[in-house]
Every structure is written in structure tokens, then in C-alpha cells.
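I have placed the structure first, in the form of C-alpha cells, so that the comments after it can refer back to it.
The values are calculated or read from the model by the stated rules, or taken from the named source; none is laboratory data. Just so it is clear, the model here is predicted, and its values are computed rather than measured. Glycine also receives a Cβ, built like all others from the backbone with ideal geometry; neighbour counts cover every protein chain displayed.
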Amino acid sequence: VLQALISFVHGTGDAIHHFVAGKNRVVFVTRGSLHLVCINCSGESVPYIARQLNFLHAQIISILTGKVEKIFQRNASFDLRGLLGGTDRVLRSLIREGSGEPTMLLQATPCLRMPAATRAELGRLLAATRPTALLFGVLLARGCLVQLLRPKKTPLHQHDLLLIMNTVNSSASFREDETWLPVCLPSFNEMAML
């Protein structure tokens, strides 16, 4: 039904953004070949719901890279669920965060409260052990940012940092063991993995 609505409105030369049905707001975000839809009855504004859908799209791109668009160009009916297998926890965590935590609404990074001297010492230790090939270093504790290392002229975009934090916070393997995971930072370069 949702695809029929999108196709019908697209056939008129327009794009559907949202509509209200009773207590429900139905919000559409189209990014390339992906159509993301949220049906919401909690009273959140349309721009905020659209922001959540854009974050969800960015999380999908952080898992698959922007090259997924080429797959859809070759086969428009491709089922993306096969490539996203095993990432349900990460995507659900992002949806939960968007519904209850102010970080997405405010586009703010939650930082762990600690004395400035302790934070500076942790930053010094992180920088001292930094491998030469390291682009970014992120130290998290209790789901919050403690310290961030980056080259002076290479910023880590706020959205990318929130996606990294969501990925780490949603997986027990990152909290309990050393794990390597290729990740795409869509605001840095959506066509490549780090």
C-alpha cells in the first residue's frame, strides 16, 4: 500500500512527504532508491520524524556504504534484508534512541561527566598509543563519549559520531571484547569503509 502511494504521487510529478490519518502521522523520506516510512502516533513533529528516518538511512549506509544504490540500479526489486542480516539490533537501537533520548533531537553527543584533568590525561594516553595509520580514535564509557582523536584538518561529523556510538552501544561484543568492524561514515565518505 505504501509503495502504491509513493508510486501514485510520483506519477503525478510530485513527491509524498507526509499525511495525517486520525491520530497517526505517516512520514516518508526517499533517499535514492530507498523509501523509508514511519507511522507515528506519539505526537512527534514531522521534521523530527523525518530526521529520525534520515538517521536510519545513514545507519544503513554505515553498514552497507552508498554503493548499495548501484545494486538497486541493476535490480530495482532487490531485497535489501539479505545484506542487512544480523544488524537488527543496531537498527532497533537507533529507533529506540530516536524515540526516547534527546541526543538525536538535539543532534548532540552525550559526554561522560568527569574532571577535566582526568579527561585530559585519558586523551594524552590515547594519543600516546595512537598507531600512525589511525584516522579517528573514539573512547566511550557507559554509552557516552570520553575522548575523541582526529587529525586537525579532518573533522568527524556529528552524525557519524552518533552512528558509531549507536553501533558500539547496541552490541555486547564491543563492550566485552575486542572486535573489528568495517564501518562507513556517510558524512565523511559514503562510498568507502574505514
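For this structure, a couple of remarks:
Residue-wise test of (1) modelled with pLDDT of 85 or more; (2) farther than 12 Å from VAL146 by Cα; (3) in contact with a Pro (Cβ under 9 Å, 6 or more places away or on another chain); (4) hydroxyl-bearing (Ser, Thr, Tyr).
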site	(1), (2), (3), (4)
ASP88	yes, yes, no, no
SER99	no, yes, no, yes
MET104	no, yes, no, no
THR109	yes, no, no, yes
LEU112	yes, no, no, no
THR118	yes, no, no, yes
LEU125	yes, yes, no, no
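- Verdict on LEU56 being aliphatic (A, V, I, L, M) and modelled with pLDDT of 90 or more: yes
- Test: residue in the stretch 121-137 that is among the small types (Gly, Ala, Ser), under 28 Å from ASP88 (Cα atoms) and out of contact with any strand residue (DSSP E or B) (no Cβ under 9 Å at 6 or more places or on another chain): no
- Options ALA192, ALA172; residue that is under 17 Å from VAL68 (Cβ atoms) and either among the hydrophobic types (A, V, I, L, M, F, W, C) or surrounded by 14 or more Cβ atoms within 10 Å (Cβ to Cβ) (or both): ALA192
- Of all residues in the stretch 145-158, none that is at positive phi has its Cβ atom under 8 Å from the Cβ atom of a residue that is part of a loop (DSSP other than H, G, I, E, B) and of a type in the set (Lys, Arg), 6 or more apart or on another chain.
- Annotation note: of PRO182, PRO151, PRO186, the sole residue that is closer than 16 Å to ILE61 by Cβ, loosely packed, with under 12 Cβ neighbours inside 10 Å and either of a type in the set (Gly, Ala, Ser) or modelled with pLDDT of 85 or more (or both) is PRO182.
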